[in-house]
Amino acid sequence: MHGYSGDKAKIVARLRRIEGQVRAIEQMVEDDKYCIDILTQISASSSALKSVALLLLDDHLGHCVRQASVEGGAVADEKLSEASTAIARLVKS
């Protein structure tokens, strides 16, 4: 079971809203809308994706990393490394 299982419905709902936002951005481009308005919507979509990423990261830390830390050893080291790498990717984006 993944750490996000308890939040799965919320995550899926957010991703569907983001999908709708992206489709709306595509329509704005097709309709030749003002570029600043399109950029504003892209920024909002990016922020929404980051919000989902942070929720997933929090669930990962609270479930997978916590469970691995109880096991200790190489399992804990691997999960901590994965979390650190994921955080680094989020910070770069």
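Build a GNM of the chain with springs between Cα atoms under 10 Å apart, and of 79, 50, 33 the one that fluctuates most is 33.
Helices in the chain, meaning DSSP H runs of at least 4 residues, each add -39500 (n - 2.57). Divided by all residues, the mean residue ellipticity at 222 nm is -27500 deg cm²/dmol. Using +1 at the Cβ of each Lys and Arg and -1 at the Cβ of each Asp and Glu in the chain, identify which of 41, 5, 57 lies farthest towards the dipole's positive end. Value: 5. Charging the Cβ of each Asp and Glu at -1 and of each Lys and Arg at +1, and nothing else, the dipole of the chain about its Cα centre rounds to 200 debye. Measuring nothing but how far apart in sequence close Cα pairs (under 8 Å, 6+ apart) lie, relative to its length, the chain scores a relative contact order of 33 percent.
Coordinate-derived values only; no laboratory data. Quick caveat: nothing in here was measured; it's all calculated off a predicted structure. Please note: Cβ atoms are built from the backbone with ideal geometry, for glycine as well, and neighbour counts cover all protein chains shown.
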